[in-house]
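Below you'll find the structure, written out as structure tokens, and then a few comments.
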Amino acid sequence: RCLLKMVKGNIIVPEDILSFCCNGLQGSTSPPRAREPGEREEAPGAMASPSPARNPTEVQMSQLVLPCHTNHRGELSTGQLLKWIDTAACLSAERHAGCPCVTASMDDIYFEHTISVGQVVNIKAKVNRAFNSSMEVGIQVSYEDLCSGKHCSICKAYATFVAQGPLGSKVRLKPLTPQTEEEKIEYSIAAERRRMRLVHKDTLKDLLTHSPQETERETRDGSGAVPAERTRVESVELVLPPHANHQGNTFGGQIMAWMENVATIAASRLCHAHPTLRAIEMFHFRGPSQVGDRLVLKAIINNAFKNSMEVGVSAEAYGQEMSISRRHINSAFMTFVVLDQEGQPRTLPMLAPEPGDGERRYREASARKKIRLDRKYVVSCKQTEVPLSVPWDQSNKVYLSYNNVSALKMLVAKANWVLAREKEKVRMYTLEEDKFLSFRIEISVCIPAGRAFSLLSNLRRRHEWDSHYMSAELVQKVDDDDMIYHVVSRKLRHENKPQDFVILASRRKPCSKGDPYVVAFRSVTLPTHPARAEFTRGETLCSGFCIWPESEEMSKVAYYNQAMPGYLNYVTTNVAGLSSDICSTFEACEKFLLKNKEDLISRLQD
């Protein structure tokens, strides 16, 4: 009776007491049976099948969509969904940090479906990787129809949280150890996503710098353009205790919900209909707001495309004293569509931007649309859906580099590699999947990992150890980490002419202890290097090196390759032991590394 009162009063009961009481209530009241002579006591859980260990940071939330959560169409308000997403992600972050956490940023979110009243929203959040004082939390959202049993994915999101100590001081986080194959993949790629976030603003500036100053205006049938000024919205909200966390800071999800509200109003003023939010651009919180603050939310349509529109929203905070200047909390860009009765996007009216800042926002919205398409096309697709050779240009360089490195890291993290051959120091592994046969070559070399990384990332020297390479010309040095080469290789058997490749080489040094040095390769297309008659244009989807330091002087060098159809016969011949060409190549690679290590030592001694 006391236990039931405690549970009803929401008092936390230790799990062992609760388990004992529940088992006692469910079990028989008769005394325990005496064991027969020689009978052993059964270990607890001996008959139960072992279940996989659950990630300690994982948080699951299920919410039944009630009428109070929905809009006029009976669909879940996106603002409410954002609040649930932020809450689940924050709880996951605090499980790992052991202290209060605040939302620092949210990556792009693409909403695939709407959710109706009566359905259940299932949210799963867990920490993918912890850095010094920040961590990435991965969030998966789906809905469940209780009547039909149907499950459907809604969106996937990545949020960055910062752990805070007393008086807002930063807390150094303990490292996270991934256990499953999926967790290892997310852990590895989290470093690439972090890198992409840091250069996000520079990508937009770069694109605007290299684009024409005058944006071409679209022409459509129908009435004249709607002045952007008519879509302007301003609203104020008072931050109350229910809007804040245990630190008194406003929930990031609550701010996002308020921002979505004013953005929806602005979008409605252009189309005179009820719009649907399709995507939210990556954004960062610039500072906190507290209970008692007034939040001023402003929204205006930046650009209206044929079937979608971008709404810019900002949030500023001020205290009770109006004389104190407002603090910029956040800015976000949201993409809306208007759906017809068949669920297809309607054509939207044209927008006439305001002179000055309005023209700038109009042009930036066009640049952001291109970046969104590049990012969704290159980054968000499954690896098998990405074309082999993606056109290279200034706007998508960050996302192609991300895709290049993350594809290799995903291949490295696969769990089902099988040792196929071993010849002296060279070990050859294979991985058989539905659409690909991948192979991995491993050798241990007496050379510092950083030196091996420097030598193997320079394709212009690969012909010194790889007999398949004839030449490699550096076409474009994108930055210190990414370079594009034109590679010419020798003819394979049954080929009439040599192959050539246009390859993006992306280098990454370790992000933290335990990470490898990475050199990733993938094909791209350049207008300056089209296919030529004297060569057979080859392509590589995913290949490269990972180099792990085993000691100060020893390194494990591993080469990975997803074999393309034209290369498959060569690979299977080596796997089957009918040729030792690949093993011989990597024996030559070891000699190349040792020779250049000794040359470096000789130069230092001289």
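The values are calculated or read from the model by the stated rules, or taken from the named source; none is laboratory data. These figures come from a predicted structure and were not determined experimentally. Quick reminder, even Gly has a Cβ in these numbers, built from the backbone with ideal geometry, and neighbours come from all protein chains shown. Ligands, DNA and RNA are excluded from the accessible area calculation, which covers all protein heavy atoms including side chains. Shrake-Rupley method; radii C 1.70, N 1.55, O 1.52, S 1.80 Å.
Quick notes on this structure:
- Residue-wise HN-Hα couplings along the range 108-117, as the Karplus relation 6.51 cos²θ - 1.76 cosθ + 1.60 with θ = phi - 60° gives them from phi, are 3, 10, 10, 8, 8, 9, 9, 10, 9, 4 Hz; Gly and Pro carry x.
- Counted charge near LEU295, where neighbours are those whose Cβ lies closer than 9 Å (Asp, Glu -1; Lys, Arg +1): -2
- Approximate spin-label separation GLN247-ALA420, in nm, with each point projected 7 Å along Cα-to-Cβ: 5.1 nm
- Chain lengthening between SER512 and ARG490 when straightened (0.36 nm per residue, less Cα-Cα): 4.1 nm
- Of LYS435/LYS477; LYS513/LYS556; LYS556/LYS595; LYS369/LYS397, pairs whose Cα-Cα distance is over 21 Å: LYS435/LYS477
- You can think of it this way: the chain between SER314 and ASP581 has 90.1 nm of extra reach, that is 0.36 nm per residue less the Cα-Cα gap.
- Per-residue accessible area (protein heavy atoms, 1.4 Å probe) orders MET564, MET135 as MET564, MET135, starting from the largest.
- Taking amide H atoms as placed 1.01 Å from N in the peptide plane, the amide H of VAL390 lies under 5 Å from those of THR525, each 5 or more residues away in sequence or on another chain.
- Rolled with a 1.4 Å probe across the full set of protein chains, the surface gives TYR187 an accessible area near 40 Å².
- FRET efficiency, LEU474 to HIS113 (Cβ-Cβ, R0 45 Å, nearest 0.05): 0.45
- Taking a point 7 Å from the Cα of CYS99 along the Cα-to-Cβ direction, none of the residues of the range 179-198 has its backbone N closer than 18 Å to it.
- Taking the charge dipole of the range 225-383 about its Cα centre, with +1 at Lys and Arg Cβ atoms and -1 at Asp and Glu Cβ atoms, the residue from ASN245, LEU339, TYR318 reaching farthest to the positive side is LEU339.
- Global geometry of the range 531-585, whether rounded, prolate or oblate, following the gyration tensor of its Cα atoms and the 1.5 cut on a/c: oblate
- The amide H of LEU351, built 1.01 Å from its N in the peptide plane, has VAL226, ALA304 as neighbours under 5 Å, considering only residues 5 or more places off or on other chains.
- The portion of the accessible surface of the range 56-184 made up by carbon and sulfur, rounded to a whole percent, is 53 (1.4 Å probe; DNA, RNA and ligands excluded).
- Gain upon complete extension [LEU146, ARG537; 0.36 nm per residue less C-alpha separation]: 135.5 nm
- If you sort the three axes of the alpha carbon gyration tensor as a ≥ b ≥ c, you get a/c of 1.5 or more for the range 457-540 and a/b above b/c, which makes it prolate.
- Shape category assigned to the range 385-596 from the gyration tensor of Cα positions, a/c cut at 1.5: rounded
- Close amide H partners of LEU437, meaning residues 5 or more places away or on another chain with modelled amide H under 5 Å apart, are ALA563.
- Set of the range 341-377 residues, backbone N closer than 12 Å to the point 7 Å along the Cα-Cβ line of ASN307: 343-348
- Cα→Cβ-extended label distance, 7 Å offset, between ARG269 and LEU198, nm: 4.0 nm
- Couplings 3J(HN,Hα) of the range 192-197, computed from phi: 5, 5, 4, 4, 5, 5 Hz, in residue order, whole Hz [Karplus 6.51 cos²θ - 1.76 cosθ + 1.60, θ = phi - 60°; x for Gly and Pro].
- Per-peptide packing, taken as the mean over residues of other Cβ atoms within 10 Å, places 96-105, 234-243, 83-92, 265-274 in the sequence 83-92, 96-105, 265-274, 234-243 from highest down.
- Sequence-ordered 3J(HN,Hα) estimates for the range 414-422 from the Karplus curve with 6.51, -1.76 and 1.60 and θ = phi - 60° stand at 4, 9, 9, 5, 10, 5, 9, 8, 9 Hz, glycine and proline given as x.
- Centroid-to-centroid separation of the range 124-151 and the range 232-296 [C-alpha atoms, Å]: 22 Å
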